[in-house]
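Worksheet for the structure shown next.
The values are calculated or read from the model by the stated rules, or taken from the named source; none is laboratory data. Note that the structure is predicted; figures quoted are calculated from it, not measured. Ideal geometry is used to build each Cβ from the backbone, glycine not excepted, and the neighbour counts take in all protein chains shown. Surface areas here come from the heavy atoms of the whole protein model, side chains and all, with no ligands, DNA or RNA. Shrake-Rupley method; radii C 1.70, N 1.55, O 1.52, S 1.80 Å.
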Amino acid sequence: MQQASDMSDDSTAAVRLAIDHMRHIAPKSVPEDLDLAPPVFPAETRISSAERLMATGSMHEAQSILSSVAEMHEEFEPSLQEAPSTALEACEALAYLGDIACGRRKAAKAEALYKSALEKLAQCETRQYDQKQALMAKLIHCSLLQNEELDDENEIHHNDDVREDDLRGLLCDAGLLLQMPGGVTENELLLTENVAKAQASLGRWVDAEDTVARAVVVAKALHLERDPESAAASIARIAAILGDGGSRARMLEHTEEAVRILREHPSSAAQTVTWIQCCSIASIYMEEKRYEEANRILEEATPALCQVLGETNVSVAFVLRDHAEVCLALGKRQEAKVLFKMAYTAMQANDDCFGEDDLLRVYNGTKLHIELAEL
């Protein structure tokens, strides 16, 4: 045992001697940057990273990065920061933060962020008209989200006189931006459309009608040649602004233009929303007993929507019912019979969306057609 213990002590001493020798001939180097902070990336790189995170739905991580970009813009002491953001970069970060807040239905917070973004943009040396138009459009949208309520008669009114004054001020600023020189852009279309919505919200229907007409012109200039489907969709959406209290004649005029564009180009899935909007206009024609105009829309919208959505889709059920009623009113009894049967089948497939009166009306419509045909 004693011999084994002595051998162990000798080996340990030998190891220690070898380690001391290695330390002497090759001392361990300590990295000079061991205590340094991690590198700070430029604002442009961090904004790009935040955009990728937003695209993948990682909003919390994106929000943290964007907040740091906005905070690192210091107008008076840029030398105190390792990688200060420019005013334009801070503006971009604040705009993205506003988009995130708006997506979470926090309109008041989004409004404050958009205002801060506009303040940063005012510090830029170059005139960023396009970006100002985009921010102003979003600002009006957020203001409308907080501003409007419906009374007992489903009329729009404003819940805060101060906010109504703020909205009028935004409209004045937006009017100045829309007068700035330059070619038409998507942001100009967005701003013009939101101005029309704000004017309609304030009850300024004459102004809203003029702004809607201008928005239609911008939409056609942007999309009609390159993407007629987008042009038709934009025109139909913009025309719907006048549906609550504006001129029905002007609204129908613009909607008919959207229908004409759709007629001139093959139907596709991208036109579905536009056709549904046009069908809502056909319903107005029905109320006014203008069955020929309604039929011109429905006879093209019905097969297009059936092809894309399917004959038993709930939206298609309403369209089939309206088309059947129009055909019956025009004396096209055989067409009405076929459409009533299709509408009845679609309603039965979606019976949770329709009451007994709806089903009975369609069923009786089929029977009424047969009785009329036998007379």
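Key figures
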{"read-out": "Within segment 155-265, helices (runs of 4 or more DSSP H) holding 1 or more residues that are aliphatic (A, V, I, L, M) and under 20 Å from Ile281 (Cα atoms)", "value": "186-201, 205-223, 228-239, 248-263"}
{"read-out": "Hits in segment 60-73 (condition: crowded, with 16+ Cβ neighbours inside 10 Å, touching a residue at least 24 places away in the same chain (Cβ under 8 Å) and out of contact with any Pro (no Cβ under 9 Å at 6 or more places or on another chain))", "value": "Ala62, Gln63, Leu66, Val69, Ala70"}
{"read-out": "Residue within segment 211-218 that is modelled with pLDDT of 90 or more and of a type in the set (Gly, Ala, Ser) present", "value": "yes"}
{"read-out": "Residue within segment 267-277 that is open to solvent by less than 30 Å² (accessible area, probe 1.4 Å), under 24 Å from Glu325 (Cα atoms) and either of a type in the set (Phe, Trp, Tyr) or without any contact (Cβ under 8 Å) to a residue 24 or more places away in the chain (or both) present", "value": "yes"}
{"read-out": "Residues that are open to solvent by 30 Å² or more (accessible area, probe 1.4 Å) and closer than 20 Å to Glu188 by Cβ, drawn from segment 234-250", "value": "Arg237, Ala240"}
{"read-out": "Residues that are over 16 Å from the mean Cα position of the chain (by Cα) and not in a helix (DSSP H, G or I), drawn from segment 86-113", "value": "Thr86"}
{"read-out": "Qualifying residue in segment 16-26 (condition: at pLDDT 65 or above, outside any loop (DSSP other than H, G, I, E, B) and open to solvent by 100 Å² or more (accessible area, probe 1.4 Å))", "value": "yes"}
{"read-out": "Selection within segment 317-333 - open to solvent by less than 20 Å² (accessible area, probe 1.4 Å), without any contact (Cβ under 8 Å) to a residue 40 or more places away in the chain and either out of contact with any Ser or Thr (no Cβ under 8 Å at 6 or more places or on another chain) or not in a helix (DSSP H, G or I) (or both)", "value": "Ala317, Cys327"}
{"read-out": "Criterion violated by Gly310 - all others in (1) free of Cβ contacts under 8 Å to residues at least 24 places away in the same chain; (2) open to solvent by 40 Å² or more (accessible area, probe 1.4 Å) satisfied", "value": "(2)"}
{"read-out": "Qualifying residue in segment 161-171 (condition: buried (at least 19 other Cβ atoms within 10 Å of the Cβ) and acidic (Asp, Glu))", "value": "no"}
{"read-out": "Pairs, first touching a residue at least 40 places away in the same chain (Cβ under 8 Å) in segment 162-185, second among the basic types (Lys, Arg) and open to solvent by 30 Å² or more (accessible area, probe 1.4 Å), C-beta under 6 Å, six or more apart", "value": "Leu177/Lys132"}
{"read-out": "Candidates Ala336, Ala346 - the one that is in a helix (DSSP H, G or I), touching a residue at least 12 places away in the same chain (Cβ under 8 Å) and touching a Gly at 6+ places or on another chain (Cβ under 8 Å)", "value": "Ala336"}
{"read-out": "Checklist (1) in a helix (DSSP H, G or I); (2) at pLDDT below 60; (3) not hydrophobic (A, V, I, L, M, F, W, C) applied to Glu32, failing item", "value": "(1)"}
{"read-out": "When residues of segment 97-144 are limited to those that are of a type in the set (D, E, K, R) and under 20 Å from Ser58 (Cα atoms), the one surrounded by the most Cβ atoms within 10 Å (Cβ to Cβ)", "value": "Asp99"}
{"read-out": "Sole exception among (1) under 27 Å from His223 (Cβ atoms); (2) touching a Leu at 6+ places or on another chain (Cβ under 7 Å); (3) not small (Gly, Ala, Ser) for Ile297, by number", "value": "(2)"}
{"read-out": "Unmet requirement for Arg104, which otherwise passes all of (1) in contact with a Ser or Thr (Cβ under 9 Å, 6 or more places away or on another chain); (2) of a type outside the set (Ser, Thr, Tyr); (3) modelled with pLDDT of 80 or more", "value": "(1)"}
{"read-out": "Any pair with Cβ under 8 angstrom, 6 or more apart, that starts in segment 198-217 at a residue that is open to solvent by less than 30 Å² (accessible area, probe 1.4 Å) and ends at one that is modelled with pLDDT under 95 and of a type in the set (Phe, Trp, Tyr)", "value": "Gln199/Trp205"}
{"read-out": "Test for Gly98: is it closer than 14 Å to Leu139 by Cα and modelled with pLDDT of 90 or more", "value": "yes"}
